[in-house]
Amino acid sequence: MREFAYSRAGDLQEAGRLAEEQTGRFIAGGTNLLDLMKLEVETPKALVDISRLPLTEISPTEDGGLRIGAMVTNADLAADETVRRDYPVLSRALLAGASAQLRNKATTGGNLLQRTRCYYFYETSAPCNKRDPGSGCAALDGFNRIHAVLGASDQCIATHPSDMAVAMLALDASVETRLPDGGSRTIALKNFHRLPGQTPEVESNLQPGELITSVVLPPPPKGRHIYRKVRDRASYAFALVSVAGIVAVDNGNIASARLAFGGLAHKPWRDRAVEEALIGQEPSQALFEEAADLLLKEAAGHGHNDFKIPLARRTLIAVLSEATKEAAQ
Ligand SMILES: Cc1cc2nc3c(=O)[nH]c(=O)nc-3n(C[C@H](O)[C@H](O)[C@H](O)COP(=O)(O)OP(=O)(O)OC[C@H]3O[C@@H](n4cnc5c(N)ncnc54)[C@H](O)[C@@H]3O)c2cc1C
Ligand code: SF4
């Protein structure tokens, strides 16, 4: 690991000032950033430790939603009584991620900004446009089993690894930030992460030095909450395909459907056309197959990951069947 300066911020102003002065990177739980520094994938000159910032509250919002501080750990968020009762899809997604030890350190802000698990991104001798823009993409013709089938580009086919973000996308969450000039803004989660395009090294719409302060969830949506994660082993593995589904059935028809997907694209993926195709319809295998066809109509594999297309299809159909089970009986 290379030398770097380290300072700890006591409040938001100080965090902003330190980040600006030292052109430093924030470090929260450190469970991703430190790994990347040890491998010299990332070599920040300065770290601004934000772990003592008072951003550890989970509190109700005026409109009946929930505000989650950026430093709330994944373990505390998954165990929170309100989250478990009103947003179970989020609790389930969090518990499907990493290990208990990691969840105790990993934070809400850090989880959103964790970087891809593409093998070549971590291997500094391999070409990788995300790590070293313009060097090429070793995954395109390499071993791309875990890579994207939707929204990829000729520059990068990496996926986003977060489970939490998939559930938050289905919940229509938004991210609150503090800008380097002291101002603040709110970014809808659907606009937070980026597709790779020609600049895969730019992964979110945050500005340099912009700090995530919290994530806000709107009031809890009605319906059955499901998080299904398909992975190589039962725990401690990233999603090959995951689906966060919140589906409500009323008088035998689907009244609302929110569906978000992990493991398929460079960012948590949501396709409103798929949801709209389900609303007002009577649940059936044929309807679910149509929805899966719509979701995957532009999906493209790269060889080793071709299997993800039928896997995503089956996973979505299984989630929709489970979510509407009682209505179909
Ligand atoms: C073995 C292993 C298995 C894992 N399995 C899973 C899994 O199955 N599913 C899953 O979702 N995750 C998994 N993870 C990833 C883990 O969830 C992330 O490493 C963790 O959530 C990152 O949070 P952190 O607080 O440690 O972030 P850090 O490592 O501290 O930071 C990550 C990035 O976020 C930035 N950052 C952090 N906080 C802020 C903020 N408030 N504002 C602005 N920037 C910020 C940092 O500068 C850095 O760039 C796994 C990790 C490991 C090591
Ligand atoms: S898929 Fe993206 S992260 Fe992986 S090697 Fe290619 S450019 Fe790098």
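The values are calculated or read from the model by the stated rules, or taken from the named source; none is laboratory data. Just so we're clear, the structure is a prediction, and the values are computed from it rather than from any experiment. Using ideal geometry, Cβ is built from the backbone for each residue, glycine included, and neighbour counts are taken over all protein chains shown. The protein model used for the area step is the full one, side chains on, heavy atoms only, and it has no ligands, DNA or RNA in it. Shrake-Rupley method; radii C 1.70, N 1.55, O 1.52, S 1.80 Å.
Key figures
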read-out: Most to least packed among 100-113, 288-301 [average Cβ atoms within 10 Å]; value: 100-113, 288-301
read-out: Highest average packing first - 273-282, 216-225, Cβ atoms within 10 Å; value: 216-225, 273-282
read-out: Note, ³J(HN,Hα) from phi for the range 271-287, Karplus 6.51, -1.76, 1.60, rounded to Hz, x at Gly and Pro; value: 10, 4, 4, 5, 5, 5, 5, 8, 5, x, 9, 7, x, 7, 4, 5, 5
read-out: Cα lying deepest toward the dipole's positive end in the chain, options Ala299, Gln155, Cys118, charges on Cβ; value: Cys118
read-out: Listed residues Thr159, Thr186, Thr116, most fluctuating in the chain (Gaussian network, C-alpha, under 10 Å); value: Thr186
read-out: Tally of Lys pairs whose C-alpha atoms are under 24 Å apart, taken over the chain, 8 or more apart or cross-chain; value: 22
read-out: Heavy-atom accessible surface of the chain: percent carbon and sulfur, 1.4 Å; value: 48 percent
read-out: Directionally averaged shadow of the chain, computed from the convex hull of its alpha-carbon atoms, nm²; value: 16.6 nm²
read-out: Mean Cβ neighbour count within 10 Å, used as a protection proxy, ranking 241-252, 189-200 highest first; value: 241-252, 189-200
read-out: Only Lys, Arg (+1) and Asp, Glu (-1) charged, at Cβ; the chain dipole about Cα centre in debye; value: 640 debye
read-out: Per residue solvent-accessible surface (Å²) - the range 155-265, probe of 1.4 Å; value: 36 Å²
read-out: Long-range amide H partners of Asp49 with built H, under 5 Å; value: Ser7, Arg8, Ala9, Ile27
